[in-house]
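The values are calculated or read from the model by the stated rules, or taken from the named source; none is laboratory data. Please read all numbers here as calculations on a predicted model, not as lab measurements. Note: ideal-geometry Cβ built from the backbone for every residue, glycine included; neighbour counts use all protein chains shown. Each accessible area value is taken on the protein alone, full model and side chains, heavy atoms only, with ligands, DNA and RNA left out. Shrake-Rupley method; radii C 1.70, N 1.55, O 1.52, S 1.80 Å.
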Amino acid sequence: GIFVPRQVKYDSDFFLRQDADVVASVALFLREAWPESEFYVAERTRRLLESFCELHVGGSVPTDTEIHDSLGQLPVGGSWAVWIKAQNAMLFVERLSSDSAFVGAWRVQQSTEDAMHEFLLMESIPNVARTIPWARLQDIGFAQRVADLSAIPLRETFVLIEKGAQESSEVHETRQPNSPCVVLDWLLPALGGARSDLSLEGEAVAKQVVDDVRLFNNAPWRRPPVWLAIEALVSLDCVRVHGVNQGAVLHKALLLRLMGEALLRGGRAFGDASARVEACRKVAGCVQELDHLDHEAPCAAAAAAKEHACAAVDHVMASVESRWHERSTCEIPS
């Protein structure tokens, strides 16, 4: 789920398995492979991801009680997030003090038209944000509204692409990601408080959205939305804690370390050699991006993440090469 885009089709069981795969991979990394000596500066982000994975274990939608209890444990200076799945939105909370909090929300998955367009799509993470009294988030009514929105897509936000619009297209898409308008335009303003100025440095992240789209048997393939949600979440949290430059480096280093571990632990989950090579290509591309960022803001965690990722790629490619050599030298029966 982290590396190889999945075929898009409207099948709730399929999406649940995909979400569960990604959440399980992140939870396993946090539990068994988190490099504490190298990423001690990202301890807040680690706790954020742990609470996120606990809320969404198995790709499930959290209940109001789970949301209320999880958010209630947030200490001053900590951060918390929930994926409002049915509305295609993320909700991020940072507890600024004992009585105030920063709350932001953003779209997770782009529309099909934007994802398949040639231009580079930039988005602010979060799209909207407010500073509100902490007590409003502790009201059980808030948790109930979030749980309800997470579970049930509203009719006005759920769009099916009509068959007639696809007839002249090579891509036969069956589902359009929901609009997050209910979260962005209703839930956030309903919380009251003061609107945050996201143009200020360190308040938000201007992120290039990459949602891999490629054709396979005339069907579109997209990145799992929960992976897009987690990636943007890590980026925002790192920047809000460490600033724009250092935060960008730490974000990329953390994701690279996660991808390296997933690559090593993937085993048969990749299915075939082409999937392993595709995964290695993505990790190698991430190493190049981090290399560029690390020159601007050197970071010890970045150097360790690059070394680990390169070793993972070498290991997997060596196994692919060995397998290819075995097959190429086998006698082909006549």
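The modelled label-to-label distance between A190 and A273, using points 7 Å beyond Cα along the C-beta direction, is 5.5 nm. Across all Cα pairs in the stretch 220-308, the calculated P(r) in 5 Å bins from zero up to the longest distance comes to 3, 14, 22, 23, 19, 11, 6, 2, 0 percent per bin. If the chain linking A300 and M122 were pulled fully straight, counting 0.36 nm for each residue of separation and taking away their Cα-Cα distance, it would gain 61.2 nm. For the pair A284 and L30 in one chain, pulling the backbone fully straight at 0.36 nm per residue adds 89.2 nm over the alpha carbon distance. Peptides 273-281, 244-252, 180-188 ordered by packing proxy, namely the average of other Cβ atoms within 10 Å per residue, highest first: 244-252, 180-188, 273-281. Solvent exposure of the stretch 56-106 amounts to 31 Å² per residue of accessible area, where only protein heavy atoms count and the probe is 1.4 Å. For the stretch 19-88, the convex hull drawn through the C-alpha positions has a volume of 98 cubic angstrom per residue.
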